[in-house]
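Have a look at the structure below, then the notes.
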Amino acid sequence: MTSSERRSRATEAFFGRRKGKPLREQQLERMSSLLPALRVDLSTPSPEKLEELFPVPVDKLRLEIGFGGGEHLIHRATETSSTGFIGVEPFVNSMAKLLAEVEARGLRNIRLYDDDATALLDWLPDACLDQIDLLYPDPWPKKKHWKRRFVSQANLARFHRVLKPGGLFCFASDIDTYVNWTLVHCRDHGGFEWIARNAADWKTPFAGWPGTRYEAKARREGRGSAYLTFRKV
């Protein structure tokens with residue numbers, strides 16, 4: 001990484017607070033024992049074949065950035081054991097919750113990263129992922145904070161590099177301005193095709209969508225959601 005890239009990353013702040021209420025004893029134990037076993041180690045070179053990160057055979061690779069409560073990641077990893085999942089979440093309490101589910105279900109097709117997703121993206125080898133999920137990211141609703149939104153030309157360039165040809169970028173949000181922002185940024189990037197076929201597509205949840213608690217809260221508050229799928233071209 002060049003010095004200019006380091007300076008750029010130092011100004012990137014895509015997430016807010018790192019920790020909420022104190023963790024319970026069992027959660028602390030998982031954070032100190034299970035997380036190190038599952039954490040992707042960026043201090044080592046990335047493997048030529050990313051499948052080598054997993055202790056079980058996988059034939060597809062999927063990255064979820066900011067998994068929040070972990071409902072979606074756990075659901076997908078459980079229903080598709082032949083896919084290897086990398087989940088990124090810097091919020092300590094969310095990571096602790098996910099680790100409990102991984103342990104309880106005995107999932108072996110999940111690896112984790114608990115810091116800045118851009119560092120992981122820059123570590124990944126070219127054309128290694130089948131899909132990237134960015135689901136209900138922090139919308140940073142104030143205009144002065146829009147530069148913190150994860151969808152940016154710099155991060156779309158990262159996505160484009162690590163996705164396989166024809167790989168998918170899936171985005172969901174209940175914030176209209178962020179949906180429009182994402183459509184415009186993907187259009188301007190030029191390397192992503194929005195694959196909506198009709199006017200209802202973007203309102204239809206992704207296939208097998210389990211829903212999330214954040215999504216349920218948005219609906220209770222009267223906000224609908226958009227589900228955008230882009231293909232790398």
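The values are calculated or read from the model by the stated rules, or taken from the named source; none is laboratory data. In this text the structure is predicted, and so the values were computed from the model without any measurement. Methodologically, a virtual Cβ is constructed for each residue, glycine included, from the backbone with ideal geometry; neighbour enumeration extends over all protein chains shown. Just the protein is used for accessible areas: all its heavy atoms, side chains included, with ligands, DNA and RNA removed. Shrake-Rupley method; radii C 1.70, N 1.55, O 1.52, S 1.80 Å.
Tell me the chymotrypsin sites (Phe, Trp or Tyr not before Pro) within segment 16-111 that lie in a loop according to DSSP and have at most 15 other beta-carbon atoms within 10 Å. Present the calculation step by step, with values, prior to reporting the outcome.
Numbers: sites: 67, 85, 91; in loops: 67, 91.
Taking segment 16-111 and a limit of 15 other Cβ atoms within 10 Å, no loop chymotrypsin sites (Phe, Trp or Tyr not before Pro) are found.
Taking all Cα pairs closer than 8 Å and separated by 6 or more residues, the relative contact order of the chain comes to 20 percent. Average 1/r across all pairs of distinct alpha carbons in the chain, invert it, and you get the Kirkwood radius: 18.3 Å. Beta bridges assigned by DSSP with both partners in the chain are antiparallel in approximately 30 percent of cases. Each part gets one Cα centre, and for segment 67-137 versus segment 197-232 those centres are 19 Å apart. Extension gain for residue 185 to residue 24 (0.36 nm times residue separation, less C-alpha to C-alpha distance): 53.8 nm.
With all protein chains kept in place, the per residue accessible area of segment 74-173 amounts to 36 square angstrom at a probe of 1.4 angstrom.
Is the shape of segment 129-222 best called rounded, prolate or oblate, per the rule: a/c under 1.5 gives rounded, else a/b larger than b/c gives prolate, else oblate, with a ≥ b ≥ c the square roots of the Cα gyration tensor eigenvalues? Oblate, since a/c reaches 1.5 and b/c is not below a/b.
Of 181, 140, which has the most accessible area with a 1.4 Å probe, and how do the rest follow in descending order?
Final ranking, largest accessible area leading: 181, 140.
In straight-distance terms, cross-link reach from residue 217 covers every one of the aspartates and glutamates whose alpha-carbon lies under 17 Å from its own, apart from those fewer than eight places away in the same chain; here that gives 71, 138, 174, 176.
One chain, two ends: residue 100 and residue 44. Fully extended at 0.36 nm per residue, the span grows by 17.5 nm beyond their Cα-Cα distance. Expressed as a whole percent, the accessible area of segment 51-156 that falls on carbon and sulfur atoms is 51 (1.4 Å probe).
Once the chain from residue 37 to residue 144 is taken as fully extended at 0.36 nm per residue, the excess over their C-alpha distance is 34.6 nm.
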